[in-house]
1. When the range 263-284 is examined, which residues are found to be surrounded by 11 or more Cβ atoms within 10 Å (Cβ to Cβ) and either hydrophobic (A, V, I, L, M, F, W, C) or without any contact (Cβ under 8 Å) to a residue 40 or more places away in the chain (or both)?
2. With the requirement that a residue be in contact with a Leu (Cβ under 8 Å, 6 or more places away or on another chain), under 22 Å from GLN78 (Cα atoms) and of a type in the set (S, T, N, Q), what does the range 169-214 give you?
3. Residues LEU174, LEU183: which one is assigned to a helix (DSSP H, G or I), aliphatic (A, V, I, L, M) and in contact (Cβ under 8 Å) with a residue 24 or more places away in the chain?
4. For the range 186-234, name all the residues that are in a loop (DSSP other than H, G, I, E, B) and either over 39 Å from the mean Cα position of the chain (by Cα) or more than 22 Å from PRO159 (Cα to Cα) (or both).
5. Please count how many residues of the range 75-105 are within 18 Å of LEU141 (Cα to Cα) and among the aromatic types (Phe, Trp, Tyr).
6. Suppose the filter is modelled with pLDDT under 90, surrounded by fewer than 14 Cβ atoms within 10 Å (Cβ to Cβ) and either of a type outside the set (Phe, Trp, Tyr) or in a loop (DSSP other than H, G, I, E, B) (or both); does GLU237 pass it?
7. Tell me yes or no: at least one residue of the range 426-433 is assigned to a strand (DSSP E or B) and modelled with pLDDT under 85.
Amino acid sequence: MAIADLNTMDNQQNECALTIDSAYKRYGPNSVVLKGLNMNVPQGAIYGLLGPSGCGKTTLLNCIVGRMNLDSGQIRMQAKKKSDVGYMPQDVALYSNLTIKETFNYYGGMYGMTMEQVDNRSEEVIKLLELPSDNSIVDTLSGGQQRRVSFGVALLHDPQLLILDEPTVGLDPLLSQSIWDHLLKLASHHKKSIIITTHYIEEARQANIVGLMRGGCLLAEAPPLQLMSTHGAATLEQAFLSLCQKQYSSSEDELQDNSSYPTDGPVSSPLNENGLFSCSRFKAQLIKNLLFMLRNKPMMMFLFGLPLLQCTLYNLAIGRDPEGLKVAIVNGELKHGLKDCSQYPLTGCNLDLPLSCRYINQIKMKTINLIEFDELSAARSTVERNKAWGMIHFASNYTEALMERINSTFETASPWAIDNSDVSVWMDMSRMGLASKKECIQF
C-alpha cells in the first residue's frame, strides 16, 4: 500500500506544470513575504491564486518567471525556456508610443515568431479581447484597454504556461466572462496550464483548483466546490473567511522569530534564457527604438542638436586660433626697425634682401600685433609683466646665416650658420592655453 501511494505521488508530480516547495522570500529583516509556501499547479488546469493585497501573490509570480529569486525553497516546472511562459504583470508594462500592431510585432519578434504567425495570432487576440483598431497608439487607450493589450501580449506566442496577474480588473462583466471562457478552452482543449490571480473571489469558482493565500502562506489548495463543502460554506468567500479565522487563531505568532528563517541562499527560476543573441530579437529591438525616436521629436532634436551645439560652441570659444595677440619682436638685422621692411619687396626670388621681413609679413597675416623693441631685455621684461604673449628675436646676420644653411647640408653647415639662422621664440608659459598655440608664429 505504501508503494502504491508513493507511485501515485510521483505520477501527480509528473503531471504538475509547476511545483513550489518551502518557498521563502523577504525584503528586509522584518518584512517576510513568503513563509514556507508550497504550491502545485496541475497540467492542463486553471489555478486561481486568491488573496488580499500585500499577501505575496505578485512576489510569488515574479519568482516563478525569474524576475526575483527566492531566499530558500525549490521551483520545478515543465516549461524550460522563458519563451514557453506568457506573463501578464499587474502593472501595464507596454511601450506607450507604439501602436497595438507594432506592440504585437515587437513582442512577436522577441518570442522568435514569423510575421505571418504574428499577424494571424494578432487577429485572434484582437477579436477575443475586443481591442480597438490595431493602429491605435497605446498611450491613447484607456487603462482597461491597455490591460487588455498586455493580456494579448501574454497570449500572443501560445505559451505552455500562462501567468496572469489581475487580468480582469476593470473589465466589462461580459468581456470578463468571454476571457474566462477562452481560458477554460485553452486548459481543457489545448492542455495549457494557467495561473491567474484575482481579487474577485467568486470569479475564481470557474478555476479547476484554487489556492487561498494570506500572510505569505497558502491556507488551502483544492477545487472550489471541495473547499466550500469542507468548510460548510455557501460561497467561496465564506470558505476563505473561515480559513483566515483559523489561521489567525492558531498561528498568529508563527515565524516571528527571525532566527528560524532559512538561509540557504538565493534560489533562481529554472527557466533558461533564449540564447545570448537572436537576429529576431535584435530586429525587434531595432525597429522599436527607431519608432520611438521618430515619434519623439524632442528626443530627436536633443540627440542630433546637442552634438552640433557642442561643436559650434567649442569652435567659437576654443577651437579657433587666437587673434589680436601682442608679441614683442627684436629684429637685429634691420637698422631702422620694422619700417625698413616697407622698402623691400615681400615676394619674388631676390634672396639678398632681409628675409626676416618676409617672416614678419606672414606673422602679420595671422592678425598678431607686433610690438617692436631694440633690446632683448626690454622685450623679455614686457613678456614677464604680462604685457605681451611672447617674444621673437632675429639675429643681426639672420639672412646671411639662413642662406648659408640653405646652400649647405646639415653636416657641412657651420655652427655659426645654424645658430644665427634660427628664429628665437620665448613664450609666456604661465598661460598654457595660449602657450600651446606656438605654431601661430612658427612656419
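The values are calculated or read from the model by the stated rules, or taken from the named source; none is laboratory data. Please read all numbers here as calculations on a predicted model, not as lab measurements. Cβ atoms come from the backbone with ideal geometry, glycine included; neighbour counts cover every protein chain shown.
1. VAL267, LEU271, PHE282, ALA284
2. Passing the criteria: SER193, THR197.
3. LEU183
4. HIS199, TYR200, ILE201, ASN208, GLY215, GLY216, PRO223, HIS231, GLY232, ALA233, ALA234
5. Within the range 75-105, residues that are within 18 Å of LEU141 (Cα to Cα) and among the aromatic types (Phe, Trp, Tyr) number 2.
6. no
7. Taking the range 426-433 as the starting set, the residues that turn out to be assigned to a strand (DSSP E or B) are 426-427.
Restricting the remaining residues to those that are modelled with pLDDT under 85 gives 426-427.
The answer is yes, given that some residue of the range 426-433 is assigned to a strand (DSSP E or B) and modelled with pLDDT under 85.
To keep it simple, each residue is scored yes or no on (1) under 24 Å from TRP416 (Cβ atoms); (2) at pLDDT below 85.
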{"site": "LEU346", "(1), (2)": "no, yes"}
{"site": "ASP352", "(1), (2)": "yes, yes"}
{"site": "LEU355", "(1), (2)": "yes, no"}
{"site": "ASN361", "(1), (2)": "no, yes"}
{"site": "LYS364", "(1), (2)": "no, yes"}
{"site": "ASP374", "(1), (2)": "yes, no"}
{"site": "MET391", "(1), (2)": "yes, no"}
{"site": "ALA395", "(1), (2)": "yes, no"}
